[in-house]
Amino acid sequence: MEGFDLDRYLRTSRKLDLTGLDWDDVSRHPVQPWEARCLAYMMDIESHTVVYLRDLLATRAADEPDVTAFLSCWVYEELWHGEAFSRFLGEAGHRLEPDRLPVAAADPYPSRRQRNAWIRRAVGRGGAFGHLATMAGSAVVGDFVALHMTWGAINELSTLTGYHRLIARTEHPVLVDLLGRIIKDERRHFAFYRAQARLRLSRGRQARKVTRWALERLWAPVGTGVRPQTETDFVIGELFAGPAGHKAVREMDGVIADLPGLGGLRLFDDARTAALARLQREPEDAWRTSDQSALSTAPKPR
């Protein structure tokens, strides 16, 4: 596949390497409330990846060995990204809904079973409807996989850029180290999805037409629907509100617009504008969260 060495990726894929990360130093540096809230969101989205995989495997993507081989490794790596964020928040003393239990290094995996189940239950019928719609779309549209690969590229790019923006803002040295390690995986994930999207969109007009139509009408920032809209808006506001954030958003739009048939799309800029407008209309919502425990700390267990 042009632009991505799948064989090499499959041979080198592994659990996130956290060797030498100074976990003991996490609690020695303050984790700001806004950082904890962003990290909880990121943890939840990484941990929810397996549900996205479920939707993918209900489409024609399941018939393609290259795609399924990548997805097998991708979902495993994403699981460990979520666990790394979980441990970081635990080491910092943050307790999260619904059980507010402490998380320590010796805890069995997955470390936040109740939270993951709580979030998946909250998605409820909307998630089931989306799953059925995906299956129906795949049955009707020939290269429906082109849409999924493009959608995946967009989400991986926004995740990757969000981690870079958090690095630019945080003053926590261990968080910078952790994010840098996760970013190495996310770059490979984005490279695969982008290569697949470019290949499939270049094959025919229908794939380009369907993909553009769906993105313009159905796409929303990664995590929308998994977490409340106020949480998505908060993360966008914290990471992309200022001039540097806006620059990053425009750069992301430029990368996606370079794909066949997607010139002129401004998905990220439009989403940023809408999120900031909602935050401005309801400023008190900027700090109202469905997960208040993400903003509270408890003494770290020793």
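Among residues of the range 251-276 that are without any contact (Cβ under 8 Å) to a residue 24 or more places away in the chain, those with a Cβ under 7 angstrom from a residue that is of a type in the set (G, A, S) and not in a helix (DSSP H, G or I), sequence gap 6+ or separate chain, pair up as A257/G263; A257/G264.
Can you tell me which residues in the range 77-121 are β-branched (V, I, T) and in contact with a Ser or Thr (Cβ under 7 Å, 6 or more places away or on another chain)?
Once the filter is applied, which keeps residues that are β-branched (V, I, T) and in contact with a Ser or Thr (Cβ under 7 Å, 6 or more places away or on another chain), the range 77-121 yields only V103.
Here the range 76-95 is the region considered, the condition is being small (G, A, S) and assigned to a helix (DSSP H, G or I), and the residue that is surrounded by the most Cβ atoms within 10 Å (Cβ to Cβ) is S86. For the range 98-120, the set of residues classified as surrounded by fewer than 15 Cβ atoms within 10 Å (Cβ to Cβ), among the basic types (K, R) and either assigned to a helix (DSSP H, G or I) or at pLDDT below 90 (or both) consists of R113 only. Of the residues making up the range 45-64, those that are touching a Leu at 6+ places or on another chain (Cβ under 9 Å), crowded, with 18+ Cβ neighbours inside 10 Å and not polar (S, T, N, Q) number 3.
Every condition in (1) within 12 Å of the chain's Cα centre (by Cα); (2) among the aromatic types (F, W, Y); (3) surrounded by 22 or more Cβ atoms within 10 Å (Cβ to Cβ) is met by Y193 except one, and the failing one is (1). Checking each residue in the range 1-51 for being under 17 Å from A92 (Cβ atoms) and hydroxyl-bearing (S, T, Y) picks out S27, Y41. Would you check if there is a residue in the range 161-169 being small (G, A, S), crowded, with 19+ Cβ neighbours inside 10 Å, out of contact with any strand residue (DSSP E or B) (no Cβ under 8 Å at 6 or more places or on another chain) and not in a helix (DSSP H, G or I)? No; the residues of the range 161-169 include none that is small (G, A, S), crowded, with 19+ Cβ neighbours inside 10 Å, out of contact with any strand residue (DSSP E or B) (no Cβ under 8 Å at 6 or more places or on another chain) and not in a helix (DSSP H, G or I).
Filter the range 213-228 for residues that are of a type in the set (A, V, I, L, M) and assigned to a loop (DSSP other than H, G, I, E, B); which is surrounded by the most Cβ atoms within 10 Å (Cβ to Cβ)? So, considering only residues that are of a type in the set (A, V, I, L, M) and assigned to a loop (DSSP other than H, G, I, E, B), the one surrounded by the most Cβ atoms within 10 Å (Cβ to Cβ) is V222. From the list V123, V210, V174, the one residue that fits, being surrounded by 18 or more Cβ atoms within 10 Å (Cβ to Cβ), among the aliphatic types (A, V, I, L, M) and modelled with pLDDT under 95, is V210. Taking (1) at pLDDT 95 or above; (2) under 16 Å from the mean Cα position of the chain (by Cα) in turn, V50 satisfies each apart from (1).
Is at least one residue of the range 171-181 assigned to a helix (DSSP H, G or I) and free of Cβ contacts under 8 Å to residues at least 12 places away in the same chain? Yes: the range 171-181 contains one or more residues that are assigned to a helix (DSSP H, G or I) and free of Cβ contacts under 8 Å to residues at least 12 places away in the same chain. Summed over the range 145-190, the residues that are of a type in the set (G, A, S), farther than 15 Å from H81 by Cα and under 16 Å from the mean Cα position of the chain (by Cα) give a count of 3. Among the residues making up the range 153-162, those that are in contact (Cβ under 8 Å) with a residue 60 or more places away in the chain and of a type outside the set (S, T, N, Q) are A153, I154, L157, G162. Look at the range 218-234: where a residue is free of Cβ contacts under 8 Å to residues at least 40 places away in the same chain and a partner is crowded, with 21+ Cβ neighbours inside 10 Å, sitting 6+ places away or on another chain with Cβ atoms under 8 Å, you get T224/T232. For the range 19-44, a residue qualifies if it is surrounded by 15 or more Cβ atoms within 10 Å (Cβ to Cβ) and closer than 18 Å to D185 by Cα, and the qualifying residues are L21, L39, M42, M43, D44.
Of the residues making up the range 65-108, those that are hydroxyl-bearing (S, T, Y) and in contact with a helix residue (DSSP H, G or I) (Cβ under 6 Å, 6 or more places away or on another chain) number 1.
The values are calculated or read from the model by the stated rules, or taken from the named source; none is laboratory data. Nothing here was measured: the structure is a model prediction, and the numbers come from that model. Here the Cβ is made from the backbone with ideal geometry for all residues, glycine too, and neighbour counts use every protein chain on show.
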